[in-house]
Amino acid sequence: MRPAAAALGEVELYAPVKRFLEARGYEVKGEVCGCDLVARHIDDRGDEPPVIVELKLRFQLFGRAAPVPGEHYAPQTLPP
């Protein structure tokens, strides 16, 4: 189980990331199918994949031990 402080920190990351993407023409939704943030370009004709973001407080360089939540929804997933 996550500590309460970590959960609150990730929630606080949502608003600035949302503003960043909206300023670039994306429609942003939070908590979609287990993903922290999903964005689609407003003028999307269907040929651009969605942007799926898993918000994290810490950057880790070692290999991932668990699948990224968006892997099942996006054709390309960048490693964390």
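Values computed for the structure shown
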item	result
Contacts under 8 angstrom Cβ, first residue in segment 29-41 being farther than 11 Å from VAL51 by Cβ, partner among the polar types (S, T, N, Q) and modelled with pLDDT of 90 or more, 6 or more apart	none
Total residues in segment 30-53, condition surrounded by 13 or more Cβ atoms within 10 Å (Cβ to Cβ), within 18 Å of VAL11 (Cα to Cα) and not hydrophobic (A, V, I, L, M, F, W, C)	2
Yes/no for GLY25 being modelled with pLDDT of 80 or more, surrounded by 10 or more Cβ atoms within 10 Å (Cβ to Cβ), under 11 Å from the mean Cα position of the chain (by Cα) and not basic (Lys, Arg)	no
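The values are calculated or read from the model by the stated rules, or taken from the named source; none is laboratory data. Not measured: the values here are computed from a predicted model. Methodologically, a virtual Cβ is constructed for each residue, glycine included, from the backbone with ideal geometry; neighbour enumeration extends over all protein chains shown.
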